[in-house]
Amino acid sequence: MKLIENANLNAFFPDGKALINMMDFFIPDRNYGFYERLVISEDTGLPVEKELTRLITDRQLAAQTLKNETEAALEDELSRNPAQVNKRRLKRFYYHKDLFSVSIPPMIDIKLKLRSVDTEKYTALFNVVVDRFDLSTSIFSRYTLTAGQKDSKWKQAQVQMVDDEIKYTQGFRNIVSQYTVDEAEFAFILLNDLENIVVEEVSRSRVGPLYFRGTKIPEGLEHIFSKHPDAFILSLPTDRASIHLQEDKNLDPLAVMYRDVLEPGARELRDRKAKQTGYHVFKDRKFVCTNGVLEDFRQFLKDRGAKCVVYGI
(Lines give C-alpha, C1' and ligand atoms only; values in the text may rest on other atoms or scores of the structure.)
Protein backbone atom coordinates (compact mmCIF):
# COMPACT_ATOMS: atom_id res chain seq x y z
CA MET A 1 0.00 0.00 0.00
CA LYS A 2 2.92 2.34 0.67
CA LEU A 3 4.04 1.74 -2.89
CA ILE A 4 0.75 3.11 -4.21
CA GLU A 5 0.77 5.98 -1.70
CA ASN A 6 4.17 7.10 -2.99
CA ALA A 7 3.35 6.71 -6.68
CA ASN A 8 2.08 10.30 -7.13
CA LEU A 9 -0.75 9.08 -9.35
CA ASN A 10 -2.36 11.76 -11.50
CA ALA A 11 -5.90 11.89 -12.87
CA PHE A 12 -5.06 9.54 -15.74
CA PHE A 13 -4.47 6.63 -13.33
CA PRO A 14 -7.03 4.62 -11.34
CA ASP A 15 -8.03 6.13 -8.00
CA GLY A 16 -5.07 5.39 -5.75
CA LYS A 17 -7.04 5.83 -2.53
CA ALA A 18 -9.69 3.33 -3.65
CA LEU A 19 -6.98 0.83 -4.56
CA ILE A 20 -5.33 1.27 -1.16
CA ASN A 21 -8.69 0.72 0.53
CA MET A 22 -9.16 -2.50 -1.42
CA MET A 23 -5.70 -3.82 -0.56
CA ASP A 24 -6.27 -2.89 3.08
CA PHE A 25 -9.31 -5.16 3.32
CA PHE A 26 -7.31 -8.15 2.12
CA ILE A 27 -5.51 -8.07 5.48
CA PRO A 28 -7.16 -10.56 7.91
CA ASP A 29 -7.21 -8.06 10.80
CA ARG A 30 -9.05 -5.60 8.58
CA ASN A 31 -11.62 -8.11 7.29
CA TYR A 32 -12.16 -9.48 10.81
CA GLY A 33 -10.61 -12.81 9.92
CA PHE A 34 -13.24 -13.79 7.36
CA TYR A 35 -10.53 -14.27 4.74
CA GLU A 36 -7.20 -15.43 6.12
CA ARG A 37 -5.69 -16.50 2.80
CA LEU A 38 -5.09 -14.43 -0.32
CA VAL A 39 -4.30 -15.80 -3.77
CA ILE A 40 -1.70 -13.72 -5.62
CA SER A 41 -1.17 -13.87 -9.38
CA GLU A 42 2.33 -14.85 -10.45
CA ASP A 43 1.83 -12.71 -13.55
CA THR A 44 0.90 -9.47 -11.79
CA GLY A 45 2.04 -9.84 -8.18
CA LEU A 46 -1.44 -8.64 -7.20
CA PRO A 47 -4.61 -10.43 -5.99
CA VAL A 48 -6.29 -12.59 -8.63
CA GLU A 49 -9.65 -11.65 -10.11
CA LYS A 50 -11.74 -13.88 -7.83
CA GLU A 51 -10.32 -12.11 -4.75
CA LEU A 52 -11.30 -8.73 -6.20
CA THR A 53 -14.81 -9.78 -7.17
CA ARG A 54 -15.32 -11.32 -3.73
CA LEU A 55 -14.49 -8.04 -2.01
CA ILE A 56 -16.61 -6.00 -4.42
CA THR A 57 -19.52 -8.40 -3.83
CA ASP A 58 -19.07 -8.08 -0.07
CA ARG A 59 -19.33 -4.31 -0.35
CA GLN A 60 -22.55 -4.64 -2.35
CA LEU A 61 -23.95 -6.96 0.32
CA ALA A 62 -22.87 -4.53 3.03
CA ALA A 63 -25.61 -2.07 2.07
CA GLN A 64 -28.26 -4.70 2.75
CA THR A 65 -26.62 -5.74 6.00
CA LEU A 66 -26.63 -2.17 7.33
CA LYS A 67 -30.24 -1.76 6.25
CA ASN A 68 -31.48 -4.93 7.94
CA GLU A 69 -29.30 -5.03 11.05
CA THR A 70 -28.20 -2.65 13.79
CA GLU A 71 -25.10 -2.84 15.90
CA ALA A 72 -27.07 -2.36 19.12
CA ALA A 73 -29.49 -5.21 18.34
CA LEU A 74 -26.69 -7.60 17.43
CA GLU A 75 -24.71 -6.74 20.57
CA ASP A 76 -27.84 -7.24 22.68
CA GLU A 77 -28.50 -10.62 21.04
CA LEU A 78 -24.92 -11.69 21.72
CA SER A 79 -25.11 -10.65 25.37
CA ARG A 80 -28.25 -12.76 25.82
CA ASN A 81 -26.94 -15.70 23.80
CA PRO A 82 -23.14 -15.84 23.36
CA ALA A 83 -23.35 -18.56 20.71
CA GLN A 84 -20.77 -18.70 17.95
CA VAL A 85 -23.34 -17.82 15.31
CA ASN A 86 -24.18 -14.56 17.10
CA LYS A 87 -20.50 -13.69 17.45
CA ARG A 88 -20.09 -14.23 13.74
CA ARG A 89 -23.14 -12.10 12.88
CA LEU A 90 -21.79 -9.18 14.91
CA LYS A 91 -18.32 -9.57 13.48
CA ARG A 92 -19.72 -9.61 9.94
CA PHE A 93 -21.69 -6.45 10.73
CA TYR A 94 -18.47 -4.71 11.79
CA TYR A 95 -16.76 -5.91 8.61
CA HIS A 96 -19.57 -4.73 6.35
CA LYS A 97 -19.84 -1.42 8.19
CA ASP A 98 -16.13 -0.71 7.75
CA LEU A 99 -16.12 -1.85 4.12
CA PHE A 100 -19.17 0.23 3.22
CA SER A 101 -17.58 3.37 4.69
CA VAL A 102 -14.81 3.50 2.06
CA SER A 103 -14.57 3.51 -1.72
CA ILE A 104 -13.05 0.60 -3.61
CA PRO A 105 -12.46 0.24 -7.36
CA PRO A 106 -15.34 -1.04 -9.50
CA MET A 107 -14.87 -3.83 -12.00
CA ILE A 108 -16.02 -1.27 -14.56
CA ASP A 109 -17.30 2.31 -14.38
CA ILE A 110 -17.84 4.86 -17.17
CA LYS A 111 -18.10 8.62 -16.68
CA LEU A 112 -18.87 11.24 -19.34
CA LYS A 113 -18.39 14.99 -19.56
CA LEU A 114 -19.38 17.10 -22.54
CA ARG A 115 -16.34 18.73 -24.13
CA SER A 116 -17.65 20.50 -27.24
CA VAL A 117 -20.44 20.52 -29.82
CA ASP A 118 -20.06 21.43 -33.49
CA THR A 119 -23.59 22.03 -34.79
CA GLU A 120 -22.39 22.49 -38.38
CA LYS A 121 -20.56 19.17 -38.48
CA TYR A 122 -23.13 17.49 -36.22
CA THR A 123 -20.39 16.28 -33.91
CA ALA A 124 -20.38 16.14 -30.11
CA LEU A 125 -17.12 15.37 -28.31
CA PHE A 126 -16.91 14.01 -24.78
CA ASN A 127 -14.28 13.28 -22.21
CA VAL A 128 -14.83 9.64 -21.32
CA VAL A 129 -13.19 8.02 -18.29
CA VAL A 130 -13.38 4.25 -18.04
CA ASP A 131 -12.19 2.65 -14.82
CA ARG A 132 -12.02 -1.10 -15.04
CA PHE A 133 -10.29 -4.29 -14.16
CA ASP A 134 -8.37 -4.76 -17.41
CA LEU A 135 -8.96 -8.36 -18.52
CA SER A 136 -6.02 -8.31 -20.92
CA THR A 137 -3.54 -7.67 -18.11
CA SER A 138 -5.50 -8.60 -14.93
CA ILE A 139 -4.70 -5.14 -13.54
CA PHE A 140 -6.84 -2.12 -12.66
CA SER A 141 -6.65 0.45 -15.44
CA ARG A 142 -8.05 3.83 -16.33
CA TYR A 143 -8.81 4.65 -19.96
CA THR A 144 -9.28 8.33 -20.75
CA LEU A 145 -10.82 9.07 -24.14
CA THR A 146 -11.66 12.15 -26.10
CA ALA A 147 -14.44 10.63 -28.14
CA GLY A 148 -17.91 11.34 -29.37
CA GLN A 149 -20.59 10.81 -31.93
CA LYS A 150 -20.99 12.10 -35.45
CA ASP A 151 -24.18 11.84 -37.44
CA SER A 152 -25.54 13.94 -40.29
CA LYS A 153 -29.07 13.85 -38.91
CA TRP A 154 -28.33 13.57 -35.18
CA LYS A 155 -29.93 10.15 -35.25
CA GLN A 156 -28.84 7.00 -33.49
CA ALA A 157 -27.29 9.10 -30.74
CA GLN A 158 -25.08 7.10 -28.43
CA VAL A 159 -24.98 9.94 -25.90
CA GLN A 160 -27.97 12.05 -24.90
CA MET A 161 -28.71 15.12 -22.80
CA VAL A 162 -31.34 14.33 -20.16
CA ASP A 163 -32.38 17.10 -17.73
CA ASP A 164 -29.10 18.97 -18.34
CA GLU A 165 -27.11 15.83 -17.59
CA ILE A 166 -25.06 13.80 -20.05
CA LYS A 167 -26.33 10.24 -20.32
CA TYR A 168 -24.85 7.46 -22.40
CA THR A 169 -26.95 4.73 -23.94
CA GLN A 170 -26.44 1.06 -23.23
CA GLY A 171 -25.11 0.80 -26.76
CA PHE A 172 -22.42 3.39 -26.07
CA ARG A 173 -21.48 1.62 -22.83
CA ASN A 174 -21.25 -1.67 -24.67
CA ILE A 175 -19.05 -0.17 -27.37
CA VAL A 176 -16.67 1.49 -24.92
CA SER A 177 -16.46 -1.50 -22.59
CA GLN A 178 -15.90 -3.84 -25.53
CA TYR A 179 -12.92 -1.94 -26.91
CA THR A 180 -11.20 -0.68 -23.76
CA VAL A 181 -9.73 -4.09 -23.02
CA ASP A 182 -6.20 -3.77 -24.38
CA GLU A 183 -3.70 -1.16 -25.47
CA ALA A 184 -4.77 2.43 -26.10
CA GLU A 185 -3.81 2.04 -29.77
CA PHE A 186 -6.07 -1.01 -30.07
CA ALA A 187 -9.03 0.95 -28.68
CA PHE A 188 -8.25 3.98 -30.86
CA ILE A 189 -8.15 1.93 -34.07
CA LEU A 190 -11.33 -0.06 -33.44
CA LEU A 191 -13.40 2.85 -32.14
CA ASN A 192 -12.40 5.00 -35.10
CA ASP A 193 -13.50 2.22 -37.42
CA LEU A 194 -17.11 2.42 -36.19
CA GLU A 195 -19.81 4.42 -37.93
CA ASN A 196 -20.92 7.58 -36.09
CA ILE A 197 -18.04 7.34 -33.59
CA VAL A 198 -15.11 9.76 -33.67
CA VAL A 199 -12.03 9.50 -31.42
CA GLU A 200 -9.21 12.01 -31.00
CA GLU A 201 -7.29 10.38 -28.19
CA VAL A 202 -7.16 7.31 -25.99
CA SER A 203 -4.82 6.88 -23.03
CA ARG A 204 -4.47 3.91 -20.70
CA SER A 205 -2.71 4.03 -17.33
CA ARG A 206 -2.32 1.01 -15.05
CA VAL A 207 -1.26 0.24 -11.49
CA GLY A 208 0.85 -2.90 -11.80
CA PRO A 209 2.39 -5.35 -12.24
CA LEU A 210 4.10 -5.60 -8.86
CA TYR A 211 7.42 -7.41 -9.06
CA PHE A 212 8.94 -9.43 -6.22
CA ARG A 213 10.49 -12.84 -5.79
CA GLY A 214 8.04 -15.55 -6.79
CA THR A 215 6.39 -13.50 -9.55
CA LYS A 216 7.22 -13.33 -13.24
CA ILE A 217 10.07 -10.86 -13.38
CA PRO A 218 11.01 -8.99 -16.59
CA GLU A 219 14.09 -10.26 -18.36
CA GLY A 220 17.25 -8.71 -17.00
CA LEU A 221 15.91 -8.05 -13.50
CA GLU A 222 16.84 -11.46 -12.07
CA HIS A 223 20.11 -10.20 -10.61
CA ILE A 224 18.29 -7.36 -8.87
CA PHE A 225 16.10 -9.75 -6.90
CA SER A 226 18.98 -12.14 -6.26
CA LYS A 227 20.83 -9.27 -4.61
CA HIS A 228 17.70 -7.84 -2.96
CA PRO A 229 15.42 -10.83 -2.19
CA ASP A 230 13.00 -8.72 -0.13
CA ALA A 231 12.60 -5.99 -2.75
CA PHE A 232 9.30 -4.82 -4.22
CA ILE A 233 9.00 -2.84 -7.47
CA LEU A 234 5.62 -1.46 -8.55
CA SER A 235 5.27 -0.79 -12.27
CA LEU A 236 3.03 2.06 -13.52
CA PRO A 237 2.78 1.96 -17.33
CA THR A 238 1.00 4.45 -19.59
CA ASP A 239 0.27 4.22 -23.30
CA ARG A 240 -1.49 6.87 -25.37
CA ALA A 241 -2.74 7.08 -28.96
CA SER A 242 -3.63 10.57 -30.14
CA ILE A 243 -4.04 12.75 -33.22
CA HIS A 244 -2.34 15.52 -31.20
CA LEU A 245 1.01 13.73 -30.97
CA GLN A 246 3.66 14.67 -33.52
CA GLU A 247 5.60 11.38 -33.56
CA ASP A 248 5.71 7.87 -32.14
CA LYS A 249 7.81 7.50 -29.03
CA ASN A 250 8.37 4.53 -26.71
CA LEU A 251 10.06 5.40 -23.40
CA ASP A 252 8.85 2.21 -21.75
CA PRO A 253 11.78 -0.21 -21.27
CA LEU A 254 9.43 -3.14 -20.66
CA ALA A 255 7.07 -2.76 -23.64
CA VAL A 256 7.07 -2.81 -27.43
CA MET A 257 4.82 -0.96 -29.82
CA TYR A 258 1.45 -2.66 -30.33
CA ARG A 259 1.87 -2.68 -34.11
CA ASP A 260 5.06 -4.72 -33.83
CA VAL A 261 3.13 -7.78 -32.64
CA LEU A 262 0.17 -7.52 -35.04
CA GLU A 263 -0.69 -10.11 -37.65
CA PRO A 264 -0.55 -8.85 -41.28
CA GLY A 265 -4.33 -8.33 -41.57
CA ALA A 266 -4.55 -6.35 -38.36
CA ARG A 267 -1.45 -4.36 -39.31
CA GLU A 268 -3.16 -3.28 -42.54
CA LEU A 269 -6.08 -1.87 -40.54
CA ARG A 270 -3.66 -0.13 -38.20
CA ASP A 271 -1.69 1.42 -41.07
CA ARG A 272 -4.87 2.56 -42.78
CA LYS A 273 -6.15 4.26 -39.62
CA ALA A 274 -2.78 5.87 -38.97
CA LYS A 275 -2.86 7.36 -42.48
CA GLN A 276 -6.50 8.48 -42.19
CA THR A 277 -6.28 10.10 -38.76
CA GLY A 278 -2.59 10.94 -38.46
CA TYR A 279 -2.42 9.53 -34.96
CA HIS A 280 0.78 8.61 -33.12
CA VAL A 281 1.56 6.60 -30.00
CA PHE A 282 3.45 7.46 -26.81
CA LYS A 283 4.48 4.95 -24.16
CA ASP A 284 6.04 5.56 -20.78
CA ARG A 285 6.42 3.82 -17.41
CA LYS A 286 7.30 4.94 -13.93
CA PHE A 287 8.13 2.85 -10.90
CA VAL A 288 7.96 2.83 -7.12
CA CYS A 289 10.30 0.54 -5.21
CA THR A 290 11.53 -0.21 -1.72
CA ASN A 291 14.50 1.94 -0.82
CA GLY A 292 16.99 -0.90 -0.51
CA VAL A 293 16.80 -1.65 -4.24
CA LEU A 294 16.43 1.95 -5.43
CA GLU A 295 19.98 2.65 -6.62
CA ASP A 296 20.53 -0.74 -8.26
CA PHE A 297 17.20 -0.49 -10.06
CA ARG A 298 17.96 3.02 -11.29
CA GLN A 299 21.26 1.71 -12.61
CA PHE A 300 19.43 -1.12 -14.38
CA LEU A 301 17.24 1.44 -16.16
CA LYS A 302 20.21 3.66 -16.97
CA ASP A 303 22.05 0.72 -18.54
CA ARG A 304 19.04 0.22 -20.82
CA GLY A 305 18.99 3.88 -21.76
CA ALA A 306 15.59 4.30 -20.05
CA LYS A 307 14.80 7.67 -18.51
CA CYS A 308 11.99 6.57 -16.21
CA VAL A 309 10.80 8.25 -13.03
CA VAL A 310 11.53 6.02 -10.03
CA TYR A 311 10.20 6.77 -6.55
CA GLY A 312 11.41 5.13 -3.37
CA ILE A 313 9.61 4.41 -0.09
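The values are calculated or read from the model by the stated rules, or taken from the named source; none is laboratory data. On a predicted model such as this, the values are computed, not experimentally measured, just so you know. In this analysis, Cβ positions are derived from the backbone assuming ideal geometry, glycine residues included, and neighbour counts consider all displayed protein chains.
Tabulated values for the structure
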| quantity | calculated |
| --- | --- |
| Test for LEU61: is it surrounded by fewer than 16 Cβ atoms within 10 Å (Cβ to Cβ) and in contact with a His (Cβ under 8 Å, 6 or more places away or on another chain) | yes |
| Tally of residues being farther than 22 Å from GLU183 by Cβ and free of Cβ contacts under 8 Å to residues at least 40 places away in the same chain across the stretch 276-304 | 7 |
| Residue within the stretch 297-308 that is touching a helix residue (DSSP H, G or I) at 6+ places or on another chain (Cβ under 9 Å), aliphatic (A, V, I, L, M) and more than 28 Å from ALA11 (Cα to Cα) present | no |
| Condition check for ARG213: assigned by TED's automatic domain parsing to the domain that holds ASP296 and more than 21 Å from THR146 (Cβ to Cβ) | yes |
| Options ASN127, ASN86, ASN68: the member that is free of Cβ contacts under 8 Å to residues at least 12 places away in the same chain, farther than 22 Å from LEU3 by Cα and surrounded by fewer than 18 Cβ atoms within 10 Å (Cβ to Cβ) | ASN68 |
